[in-house]
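Below is one structure, written out as structure tokens; comments come after it.
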Amino acid sequence: MKTTLILIGLGGAIGSMLRYLTTYFVQQRLTFMSAVLGTFIVNIVGSLLIGIVYGLSERQEWFTPQLRFFLATGLCGGYTTFSAFSYENVNLLQQGSYLLSFAYIFLSIGICLIATFLGITLTKML
């Protein structure tokens, strides 16, 4: 249990730093919707990665439970940003940007579900 918690914590720390760097990179290079686009991209990439991790671990049994905890719960959990996603949508709603908020919600959820499915499907084709 102690080792698992340490692995999840390390993965979460790495994932959080990667999330910050990804969002920073997007905000430095894009001006259109830069406040939400970084989180949007992180959620899609994180969903794809978690699909790949679970797909590979189910199909090939390549990952020990500890490695799966490190990658899925820690790294992907620290990297994806649905708490930031919720906060950004509340801000958009408070600003009266209802259409943008609802588009952001539905596109994020829809594309992330598709990306997770794609990650699992891709690993089954290996």
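Annotations
- If only residues of region 73-111 that are within 21 Å of Ile14 (Cα to Cα) and open to solvent by less than 30 Å² (accessible area, probe 1.4 Å) are counted, the one that is modelled with the lowest pLDDT is Thr81.
- Scanning region 22-64 for residues that are assigned to a helix (DSSP H, G or I), exposed (fewer than 13 other Cβ atoms within 10 Å of the Cβ) and either free of Cβ contacts under 8 Å to residues at least 12 places away in the same chain or touching a Pro at 6+ places or on another chain (Cβ under 8 Å) (or both) yields a total of 2.
- So Leu126, is it over 25 Å from Met1 (Cα atoms), out of contact with any strand residue (DSSP E or B) (no Cβ under 7 Å at 6 or more places or on another chain) and open to solvent by 40 Å² or more (accessible area, probe 1.4 Å): yes
- Among the residues of region 1-23, the ones that are within 15 Å of the chain's Cα centre (by Cα) and hydroxyl-bearing (Ser, Thr, Tyr) come to 4 in all.
The values are calculated or read from the model by the stated rules, or taken from the named source; none is laboratory data. Worth saying up front: this structure is predicted, and the values here are computed from it rather than measured. FYI the Cβ positions are ideal-geometry reconstructions off the backbone, even for glycines, and counts take in every protein chain you see. For accessibility, only protein heavy atoms count, side chains too; no ligands or nucleic acids. Shrake-Rupley method; radii C 1.70, N 1.55, O 1.52, S 1.80 Å.
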